[in-house]
1. Just to be sure, is THR171 part of a helix (DSSP H, G or I), within 16 Å of the ligand (Cβ to nearest atom) and either without any contact (Cβ under 8 Å) to a residue 60 or more places away in the chain or closer than 18 Å to VAL114 by Cα (or both)?
2. Examine segment 213-231 for a residue that is away from the ligand (no atom under 16 Å from the Cβ) and over 30 Å from GLU328 (Cβ atoms), and state whether such a residue exists.
3. Run down ALA258, ALA234 and say which single residue is within 13 Å of the ligand (Cβ to nearest atom) and under 30 Å from PHE299 (Cβ atoms).
4. Return the residues of segment 52-78 that are open to solvent by 30 Å² or more (accessible area, probe 1.4 Å) and without any contact (Cβ under 8 Å) to a residue 60 or more places away in the chain; say none if nothing qualifies.
5. Can we say TYR366 is more than 9 Å from the ligand (Cβ to nearest atom), part of a loop (DSSP other than H, G, I, E, B), of a type outside the set (Lys, Arg) and within 23 Å of ALA228 (Cα to Cα)?
6. So which pairs qualify, if the first residue must be in segment 247-275 and acidic (Asp, Glu), the second must be within 11 Å of the ligand (Cβ to nearest atom) and open to solvent by less than 10 Å² (accessible area, probe 1.4 Å), the Cβ gap must be under 6 Å, and the two must be at least 6 apart or on different chains?
7. Quick one: which residue in ARG389, ARG421 is of a type in the set (D, E, K, R) and buried (at least 24 other Cβ atoms within 10 Å of the Cβ)?
8. Does LEU95 count as among the aliphatic types (A, V, I, L, M), in contact with a helix residue (DSSP H, G or I) (Cβ under 7 Å, 6 or more places away or on another chain), more than 19 Å from PHE385 (Cβ to Cβ) and open to solvent by less than 80 Å² (accessible area, probe 1.4 Å)?
Amino acid sequence: MSDQTAKLSLPNGKSFDLRVDKGTLGPDVVDVSQLAKSDIFTYDPGFMSTAACSSKITFIDGDKGVLLYRGYPIEQLAERSDFLEVCYLLLHGELPSKTQKEHFVADINSHTMVHEQLRNFFNGFRRDAHPMAVMVGVVGALSAFYHDSLDINNPQHRELSALRLIAKMPTIAAMCYKYSIGQPFMYPQNHLNYAENFLHMMFGTPCEDIQPNSVISRAMDRIFILHADHEQNASTSTVRLAGSTGANPYACISAGIAALWGPAHGGANEACLNMLREIHDVSRIGQFIARAKDPNDSFRLMGFGHRVYKNYDPRAQVMRNTCHEVLEEVGAHDHPLFKVALALEKIALEDDYFVSRKLYPNVDFYSGITLSALGIPTNMFTVIFALARTVGWISHWQEMISDPEHRIGRPRQLYLGPTQRDFVEVEQRK
Ligand code: SDX
């Protein structure tokens with residue numbers, strides 16, 4: 001903590017010396033918590049300039065396009081690490097030793113199956129239910145199976161819940177897909193790595209399994225790494241707020257999945273591919289750019305812009321390279337939507353509307369094309385995002401719950417409603 005202060009002088013003559021705290025990286029913060037004793041609130045809709053907590057997990061520099069997981073640049077992790085190693089890093093703060101990694105992978109593998117009864121949950125959904133609706137329900141229901149480890153103040157219970165969630169999300173995600181196409185659920189095969197196992201459960205059948213393809217499984221693993229965490233985004237903040245009430249981790253992750261679903265957040269990859277399909281030809285890009293710039297048109301360029309990145313999203317660059325690799329591997333290097341995306345990106349980045357507002361492609365701009373080229377249906381894109389982001393959510397949940405000073409989150413408001421008035425019987429109302 002620093003000894004710097006910021007003076008706040010109020011119209012009523014009161015003044016406060018507010019402590020200014022410095023982080024290891026990024027902006028300083030003005031600690032306004034002492035205002036709780038006063039009769040004034042801070043006001044910041046959308047939390048544009050509000051730090052809701054301190055954290056050691058992920059750092060973003062939006063102006064420079066920097067993303068660090070526990071200090072390691074996302075580009076290096078995406079290129080040289082693998083998803084389960086990144087999970088260990090996010091959860092424990094350090095890259096695992098060889099032995100630690102072997103034990104972690106073995107721990108995850110011992111939890112990849114779900115309770116057989118969980119399969120019955122799927123039968124309550126229509127086959128054409130959106131898989132995110134199924135995911136929210138099934139993950140929230142996991143707590144019904146694990147009453148043996150729901151004491152959030154018990155570190156062993158917290159660790160076990162984290163392992164179970166990271167291990168089971170691919171199994172549940174694949175079950176959502178299999179249920180939607182009427183194919184039998186596939187059991188995990190623990191001799192496969194995390195991404196291979198997911199692809200096996202998605203595309204294998206009891207009649208024949210998929211042929212492992214290292215380019216495809218590596219691309220899948222890299223997509224998981226890119227989506228693993230992202231500081232205090234909307235869904236992570238949802239998990240933290242739900243967790244601050246003492247709710248069990250499965251309920252908190254289910255709340256995070258629900259928040260991620262929105263098209264302004266994790267639903268943008270599905271919305272972006274649908275937008276590219278609607279554009280479908282480079283010649284039509286101009287009319288969509290015009291709509292995106294029209295203040296009277298609610299249409300936005302999906303996959304563009306970001307609350308924090310006012311430069312290129314570093315994940316988008318890795319995603320674009322991965323997209324190119326996958327398209328080459330599956331023989332779709334001339335994929336029409338990839339051509340549209342490349343042209344759209346070029347045109348937008350030369351247009352003053354986007355340049356002046358610092359709107360660049362974000363992680364969702366190329367992920368949709370890549371996932372589509374991997375054979376994953378559009379309505380499963382946000383499910384994949386939720387699968388990968390679970391480790392980020394549970395790492396933030398762990399960080400908050402293990403802080404003895406954490407308390408229930410309870411924001412206040414600027415009230416603009418009617419002043420007090422007396423009840424009027426219905427006969428006297430106009
Ligand atoms: C994710 O927070 C995270 O970290 C999220 C995420 C993560 O990993 O968790 O990174 C994942 O959610 C990425 C973002 C995915 N969403 C989209 O791609 C949807 C399209 N993008 C926009 O809806 C928007 O850019 C947001 C929601 C991402 C950010 O919105 P902000 O920060 O509230 O910005 P804004 O709405 O105030 O926009 C500022 C200006 C406005 O114009 P003016 O009022 O100045 O005239 O930019 C315009 C907006 O109209 N604008 C866009 C635009 N995004 C912003 N105009 C056209 N197309 C867009 N995509």
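1. On the way: part of a helix (DSSP H, G or I): yes; within 16 Å of the ligand (Cβ to nearest atom): no; either without any contact (Cβ under 8 Å) to a residue 60 or more places away in the chain or closer than 18 Å to VAL114 by Cα (or both): yes.
No, not satisfied.
2. No, segment 213-231 contains no residue that is away from the ligand (no atom under 16 Å from the Cβ) and over 30 Å from GLU328 (Cβ atoms).
3. Values: ALA258 fails: within 13 Å of the ligand (Cβ to nearest atom).
It is ALA234.
4. Of all residues in segment 52-78, those open to solvent by 30 Å² or more (accessible area, probe 1.4 Å) come to 52-56, 59, 61, 63-64, 66, 70-73, 75-76.
Matches in segment 52-78: SER54, ASP61, ARG70, GLY71, TYR72, GLN76.
5. Numbers: more than 9 Å from the ligand (Cβ to nearest atom): yes; part of a loop (DSSP other than H, G, I, E, B): no; of a type outside the set (Lys, Arg): yes; within 23 Å of ALA228 (Cα to Cα): yes.
Answer is no for this residue.
6. These pairs meet every condition: GLU270/THR382.
7. Numbers: ARG421 fails: buried (at least 24 other Cβ atoms within 10 Å of the Cβ).
After applying the criteria, what remains is ARG389.
8. yes
The values are calculated or read from the model by the stated rules, or taken from the named source; none is laboratory data. Everything numeric in this text was worked out from a predicted model, so none of it was measured. Ideal geometry is used to build each Cβ from the backbone, glycine not excepted, and the neighbour counts take in all protein chains shown. With ligands, DNA and RNA removed, areas are computed over all heavy atoms of the protein, side chains included. Shrake-Rupley method; radii C 1.70, N 1.55, O 1.52, S 1.80 Å.
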